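This report concerns only the one structure given below.
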Number of protein chains: 2
Amino acid sequence: MKAHHVRMSTPNSYSAPYLAEIAHLMGDPARANMLHALMDGRALTAKELAWLAGVAPQTASGHLAKLMQGGLLAVAAQGRHRYYRLAGPEVATALEGLMVLANMEGSGRRLPSRVGAELSFARTCYDHFAGRLGIGIHDALMAGGHLTASEGGYALTSSGKAIFAVLGVDPDQGGRSRRAALRPCLDWSERRPHLAGHLAAALACRCFEMGWTRRRKDSRAVSLTEEGRSALGAALPGFRCDVPEPAVSSSAREPVPALA
Amino acid sequence: MKAHHVRMSTPNSYSAPYLAEIAHLMGDPARANMLHALMDGRALTAKELAWLAGVAPQTASGHLAKLMQGGLLAVAAQGRHRYYRLAGPEVATALEGLMVLANMEGSGRRLPSRVGAELSFARTCYDHFAGRLGIGIHDALMAGGHLTASEGGYALTSSGKAIFAVLGVDPDQGGRSRRAALRPCLDWSERRPHLAGHLAAALACRCFEMGWTRRRKDSRAVSLTEEGRSALGAALPGFRCDVPEPAVSSSAREPVPALA
DNA sequence: TGGATACTACGGCCGTCACCGTAGCGTCCT
DNA sequence: AGGACGCTACGGTGACGGCCGTAGTATCCA
């Protein structure tokens, strides 16, 4: 942690210092716990975060201030509570990237399967569904040809738009932002893509509204109600989310690129 | 950096400790410099990395050992040299996610434009092209309808396969791996997607082989030769990579999700 | 075989930072 | 009002961990 002498002006370190700054913020156990807890997209109070991180409120307050200054969190003051949340989807994306590594890394890291069971079935990932539920939605749309390539991700075909409309989500919402309405997001527990993007978020929101899914308390896990199962099954031909793992084990580690 | 008491067994921190471990590895300036330098996909010796990171070889050696143990790097011993490289595409992806944050964050972080100029024109991102060159390829394929949605990313349409074949890249290579052959990768300098995946890597490799692109020395930047410009232009209708920024400033920050 | 080079191992130094106790400010409830 | 509660600010303590110098091993070259 010295590294401050002449370091900054070494050869090619143009944006690397900032990279280190961000990673350093995420690299403390307490802060990582907080960020992890916020990844379900909810906003939590400082006290809740302190408890989740396992530190005293004073300590948590300091951490939260640092995360704020680093631009990773946003805050909304409401009465005597202050609700913290991730600053944006990019933060969630970056954390997902790290979690993929954390749950894969050759070394023995792996989430304990007994507690992981319900998390890997369904959970929220920032603002959309992950786990086998999220993957099931992704696969059903993909297999049915309801997705098409678009700037940085996917867009809905006309048949896909019809499906979203049936589910009660306006498929054309979200403005003309350049960001993709739908994009693949690698699932850290299943190692397969689910759907992110603002349409995926809107769908998740709709599912909670309609009682198709429910948050389990004290956990990021989500449960799918019977109504939800039938509603999604009716609207999405080929929808399944109860397969543990569809063949293809985690065998082939991609080979070396060895470019140039 | 205390955080070792009872912390590990707090509420929901299932994979968060690992997340912190990974982020902590990336959070040191010297290690971040090394990882940043390795993001162009090449393998570098310990001494080169020490120099790039601005530390003594002994210090670098320690850092490299830690990165190895964390599973972020792989090494190939060759004579008295040890060549270090990123352990896999997932590592590069995770780093990209952090760099997006590092170059965006409301705070004044931004890469200095004078040195950034050639980097933001074209560079290698692990094993494929980034910068306006990479975006130009992405946009030309997208606009021409040569991409289709596929498991976790894009696949080539038949017209797209023809284009790759013309360029001398076998569009069906890469085995039947589940990972997408092509997928969007958010460009940290341009904030728009370019193409990653093993077909993008093969294309980049081909461009270097044919002399269409050349690495600038002492930099991750890449230059596009005249032959390259005409070869890509001929094969890719609509290919452009010389536009500084196609309208749409970095105005709209995505609004709050506020789910549930 | 001798010497240069590449890298790693060990040990001491010291700065950064996470931790909590105490204290202070603002908000809600009765 | 008075008191409880949520949160932040400050200060002192302790230790994790980055830094380099020295020393040791392996490889290449003449």
### Task
Using only the C-alpha atoms of region A:16-156, find the volume of their convex hull and express it per residue in Å³.
159 Å³
### Query
Remind me, what semi-axes does region B:181-233 give for its equivalent ellipsoid, largest first in whole Å, using sqrt of 5 times each Cα gyration tensor eigenvalue?
19, 15, 11
#### Entry: Charge tally in the Cβ shell below 11 Å around A:Thr213, where Lys, Arg are +1 and Asp, Glu are -1, A:Thr213 excluded
+4
### Task
Treat the count of other C-beta atoms within 10 Å as a stand-in for reagent exposure and order A:Ser219, A:Ser120, B:Ser230 from fewest to most.
B:Ser230, A:Ser219, A:Ser120
### Message
For region B:143-225, which GluC sites (Glu not before Pro) pass both filters: DSSP loop (anything but H, G, I, E, B) and at most 15 other C-beta atoms within 10 Å?
### Response
none
### Query
Measuring from label point to label point, each 7 Å out along Cα→Cβ, what is the A:Glu227 to A:Thr157 span in nm?
3.2 nm
### Message
Net charge within 12 Å of B:Gly41 by Cβ-Cβ distance, Lys/Arg positive one each and Asp/Glu negative one each, not counting B:Gly41 itself?
### Response
+3
### Message
Counting other beta carbons within 10 Å of each residue's own, what order do A:Phe121, B:Phe208, A:Phe164 fall into, fewest first?
### Response
B:Phe208, A:Phe121, A:Phe164
### Query
How many partner chain Cβ atoms sit within 10 Å of a residue's Cβ in peptide A:149-159, on average, as a whole number?
5
### Relative contact order of region A:49-199, defined on C-alpha pairs under 8 angstrom at six or more residues apart (%)
18 percent
### Task
Output, in nm with one decimal and in ascending order, the distances from the A:Ser159 label point to the matching label points of the other copies (7 Å from Cα along Cα-to-Cβ).
2.1
### Cβ-vector label at 7 Å, B:Gly144, separations to other copies in nm
3.2
### Shielding score for A:178-184, defined as the mean number of other chain Cβ atoms within 10 Å
4
#### Entry: Copies compared at B:Glu118 - label distances in nm, ascending, label defined 7 Å from Cα in the Cβ direction
5.7
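Rule-based calculations on the coordinates, nothing more; no lab input. Given the structure is predicted, the values throughout are model-derived calculations rather than measurements. Here the Cβ is made from the backbone with ideal geometry for all residues, glycine too, and neighbour counts use every protein chain on show.
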